[in-house]
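Undergrad: Here it is: the structure, laid out below.
The values are calculated or read from the model by the stated rules, or taken from the named source; none is laboratory data. Fair warning: this is a prediction, and the values are worked out from it, not measured in the lab. A quick note on method: Cβ atoms are made from the backbone with ideal geometry, for glycine too, and the neighbour counts reach across all protein chains shown. With ligands, DNA and RNA removed, areas are computed over all heavy atoms of the protein, side chains included. Shrake-Rupley method; radii C 1.70, N 1.55, O 1.52, S 1.80 Å.
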Amino acid sequence: MGRFYFHLQTGDQIVPDAEGDELPDLSAAEHEAILAARELLAEAIKSGRPEVPEAFVIADEEGRALALVPLAAVLPRLLRK
């Protein structure tokens, strides 16, 4: 079990996740990032927001980036660039 942080990346800017989540492992953290990406994109579409972050950067408690989950990864294949 460890604490994982889900920072939002847009270009070279990072919006830090100050709280993080306790999860069993990196695989579980990647799954959570995918679920959060779906929710974030759904809300952006519903509200007509044209800009969204590019990715979640999953980091550990020491601030090390462990994985990158692009929001585009949750789109249907035909919509991916």
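Undergrad: If you filter the chain for GluC sites (Glu not before Pro), then keep DSSP loop positions with at most 16 other Cβ within 10 Å, what is left?
TA: Values: sites: Glu19, Glu22, Glu30, Glu32, Glu39, Glu43, Glu51, Glu54, Glu61, Glu62; in loops: Glu19, Glu51, Glu54, Glu61, Glu62.
Answer in residue order: Glu19, Glu51, Glu54, Glu61, Glu62.
Undergrad: Within a Cβ distance under 13 Å of Pro24, other residues only, what is the Lys/Arg minus Asp/Glu net charge?
TA: Working: positive: Arg3; negative: Asp21, Glu22, Asp25, Glu30, Glu32.
Spelling it out: positives minus negatives among the neighbours equals -4.
Undergrad: Given contacts defined as C-alpha pairs under 8 Å and at least six residues apart, what's the relative contact order of the range 24-81, whole-number percent? Write down the numbers at each step before the final one.
TA: Details: 51 pairs, mean separation 18.3, N = 58.
Reported relative contact order: 32 percent.
Undergrad: Still on this model: Does anyone have the angle between helix 26-47 and the longest principal axis of the chain? Alpha-carbon axes, 0 to 90°, nearest 10?
TA: Around 30 degrees separate the two axes.
Undergrad: Can you give the alpha-carbon Rg of the chain over 2.2 N^0.38 Å, where N counts its residues? Intermediate results must be reported in sequence, preceding the final value.
TA: Working: Rg = 12.7 Å, N = 81, 2.2 N^0.38 = 11.7 Å.
With N residues counted in the chain, Rg over 2.2 N^0.38 Å equals 1.09.
Undergrad: Something else about it: Name the residue farthest towards the positive end of the dipole of the chain from the options Ser27, Leu71, Gly2, assuming +1 on Cβ of Lys and Arg, -1 on Cβ of Asp and Glu, about the Cα centre.
TA: Leu71
Undergrad: Okay, moving on. On the protein heavy atoms, probe 1.4 angstrom, tell me the percent of accessible surface of the chain carried by carbon and sulfur.
TA: Working: 3100 of 5690 Å².
Answer for the chain is 55 percent, counting heavy atoms of protein chains only.
Undergrad: What whole-number value in Å² describes the accessible area per residue of the chain for a 1.4 Å probe?
TA: On the way: 5690 Å² over 81 residues.
So the chain comes to 70 Å² accessible per residue, rounded to a whole number.
Undergrad: Using protein chains only and a probe of 1.4 angstrom, how many square angstrom of Arg38 are accessible, to the nearest 10?
TA: Taking all protein chains as shown, Arg38 has close to 130 Å².
Undergrad: Mind listing which chymotrypsin sites (Phe, Trp or Tyr not before Pro) in the range 1-64 are in a DSSP loop and have 16 or fewer other Cβ atoms within 10 Å? Write out the running numbers ahead of the final one.
TA: Numbers: sites: Phe4, Tyr5, Phe6, Phe56; in loops: none.
Passing sites in the range 1-64 do not exist.
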